[in-house]
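Contents: one structure, followed by commentary.
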Amino acid sequence: MVKTQEITIRTRGNCDVVDITGRVSEAVANSGLLEGTVTVFNVGSTAGITTTEFEPGLVNHDIEALFERIAPQGGRYEHEKTWHDDNGHSHVRASLLGPSLSVPVIDGSLTLGTWQQIILVDFDTRARTRTIICQMIGNDKA
Ligand code: ZN
């Protein structure tokens, strides 16, 4: 089977970290996938998806501090000359983190660790509404 489901979430931008684990679990449950893979993909070039332990130190500070060291918001970006906008750092951060994640599904459940949540990090400079595609591939319960 192949089933695809869209998730919509609102973010505050500016390195907002959103826990989307529950939404992805729901999509997997609705699909009936028993054994296979869910690919979780952010549509757009200024946000990324990965996993972390969803605790305040990481999600409110450490992740943003990491990206500020690698691609500072106040840095110089050719992209901003091209479009006269302010989100060159958002694009390069999103490129580095990557837009998608694959999670193996066993017995209908995501194979995540107890302290491992699926997160979307929105690097854009304003609040956004994000579309995330969940595509389930594998054997269903039929
Ligand atoms: Zn831009």
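Bear in mind that the values in this text are calculations on the coordinates, not laboratory data. Because the structure is predicted, anything quoted here is derived from the model rather than measured. Glycine gets a Cβ as well: all are built from the backbone with ideal geometry, and neighbour counts include every protein chain shown.
Okay, which of the stretch 77-109 sit inside 17 Å, backbone N to the point 7 Å along the Cα-Cβ direction of residue 50?
Taking a point 7 Å out along Cα→Cβ of residue 50, the residues of the stretch 77-109 whose backbone N falls under 17 Å are 89-103.
Could you compute the net charge surrounding residue 125? Neighbours are other residues with a C-beta less than 15 Å from the C-beta of residue 125; K and R count +1, D and E count -1.
Local charge sum for residue 125: -3.
Enter the mean projected area of the convex hull around the alpha-carbon atoms of the chain, in nm², rounded to one decimal.
Across all orientations, the chain yields a mean hull projection of 8.5 nm².
Taking only DSSP H segments of four or more residues, each worth -39500 (n - 2.57), what value at 222 nm results for the chain once the sum is divided by all its residues, to the nearest 500 deg cm²/dmol?
Result for the chain, helices only: -7000 deg cm²/dmol.
Dividing the convex hull volume of the Cα atoms of the stretch 1-68 by its residue count, what figure in Å³ per residue is obtained?
Value for the stretch 1-68: 109 Å³ per residue.
In debye, nearest 20, what is the charge dipole magnitude of the stretch 2-140 about its Cα centre with +1 on Lys and Arg Cβ and -1 on Asp and Glu Cβ, if you could check?
320
Provide 84, 91, 79, 61 in ascending order of the number of other Cβ atoms located within 10 Å of each residue's Cβ, fewest first.
Taking fewest neighbouring Cβ atoms as first place, the list is 84, 61, 79, 91.
Roughly how many debye, to the nearest 20, is the charge dipole of the stretch 10-55 about its Cα centre, given +1 on each Lys and Arg Cβ, -1 on each Asp and Glu Cβ, and no other charges?
Taking the Cα centre of the stretch 10-55 as origin, the dipole is about 240 debye.
Once you keep just the Cα pairs under 8 angstrom separated by 6 or more residues, what percentage relative contact order results for the chain?
It rounds to 54 percent for the chain.
Taking the stretch 51-136, which trypsin sites (Lys or Arg not before Pro) meet the DSSP loop condition and have no more than 14 other C-beta atoms within 10 Å?
76, 126
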